[in-house]
1. Quick check: at a probe of 1.4 Å, how many percent of the accessible area of the stretch 115-210 sits on carbon and sulfur atoms?
2. Starting from 0.36 nm per residue, how many nanometres of slack lie between F195 and A226 once their C-alpha separation is accounted for?
3. When the chain is fully extended, how far beyond the present Cα-Cα distance does D176 get from Q149, taking 0.36 nm per residue of separation?
4. Assign unit charges at the C-beta atoms only (+1 for Lys and Arg, -1 for Asp and Glu), then state the dipole size of the chain relative to its Cα centre in Debye, rounded to the nearest 20.
5. What do you reckon, how do T74, T162 stack up by accessible area (1.4 Å probe), largest on top?
6. Anyone know which of E113, E41, E150 comes out most mobile in the 10 Å Cα GNM of the chain?
7. Kindly provide the trypsin sites (Lys or Arg not before Pro) of the stretch 156-226 that DSSP labels as loop, not H, G, I, E or B, and whose Cβ sees at most 14 other Cβ atoms within 10 Å.
8. Among M223, G100, L200, which residue has its Cα furthest toward the positive end of the charge dipole of the chain, with +1 on Lys/Arg Cβ and -1 on Asp/Glu Cβ?
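The values are calculated or read from the model by the stated rules, or taken from the named source; none is laboratory data. Note that the coordinates shown come from a computational prediction; the quantities given were computed from them, not determined experimentally. Here the Cβ positions follow ideal geometry from the backbone for every residue, glycine too, while neighbour counts run over all protein chains shown. Surface accessibility is based on the protein's heavy atoms, side chains included, excluding ligands, DNA and RNA. Shrake-Rupley method; radii C 1.70, N 1.55, O 1.52, S 1.80 Å.
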Amino acid sequence: MTTRQLQVDAQPFVFDCEVQRTALVIIDMQRDFIEPGGFGESLGNDVALLAAIVPACQAVLAAWREAGGMVVHTRESHRPDLADCPPAKRNRGNPRLRIGDPGPMGRILVAGEPGNQIIDALKPAVMETVIDKPGKGAFYATPLQAKLQERSIRKLLFMGVTTEVCVQTSMREANDRGYDSLLLEDCTESYFPQFKAATLEMVRAQGGIVGWTTPSSSLLSAMGKA
Ligand code: C5J
């Protein structure tokens, strides 16, 4: 196997990685969060903010696939019987629409429903790993760590939504498991721009207490794709 080292200009300092030991993790780019007419919009969120990152995510995904790197897609997703959805998660805030209720694109956050699918623009390829996660973090109650270990993955590149919820939680879980993580700044978004900005700062504070951040152009440039 040929190894390919990358040196990515990032904050708080350069992020080094080897393509074959690094996975691109794309968090929850699901129809219900991103598309007009979905669950996210029904809660009053401006989904256009999230949809705006799709072209940058597509560019990184295409480059990473071409380089032969591992790709992981996650979906926030519950079993149809909701056995994996704690009542605290379902009932918090007494929402008008709860997990499992019929929503504009099928049952909310339930596996197999139309709104639970990853958007067509970032559709997983046949051999790529898709992780259905019942929590906000990608490691909690999922086979993600085992899948990464099978491929001897040590570093992670993160994209997806929302920055301060499922992306940040997954990065913190990865950090505690010993992975170095780089968050691609223009490939992640929040319904609340101030939360995104705060999360980027938080991740890279104190010498990268959670990980690194950088614009996707820095990664693409390190890959010779700028
Ligand atoms: C994600 C959420 N994917 N905000 N979910 O961040 O509830």
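1. On the way: 2170 of 4170 Å².
With neighbouring chains kept in place, the figure for the stretch 115-210 is 52 percent.
2. Working: separation 31, 0.36 × 31 = 11.16 nm, distance 2.85 nm.
Taking 0.36 nm per residue and subtracting the Cα distance, the gain is 8.3 nm.
3. Numbers: separation 27, 0.36 × 27 = 9.72 nm, distance 1.50 nm.
That works out to 8.2 nm of additional length.
4. Values: 24 positive and 26 negative charges, 92 e Å.
For this selection, approximately 440 debye.
5. Details: T74 0, T162 20 Å².
From most accessible down to least: T162, T74.
6. Looking only at E113, E41, E150, the largest GNM fluctuation is found for E150.
7. Values: sites: R172, R177, K196, R204, K225; in loops: R177, K225.
Passing sites in the stretch 156-226 are R177.
8. G100
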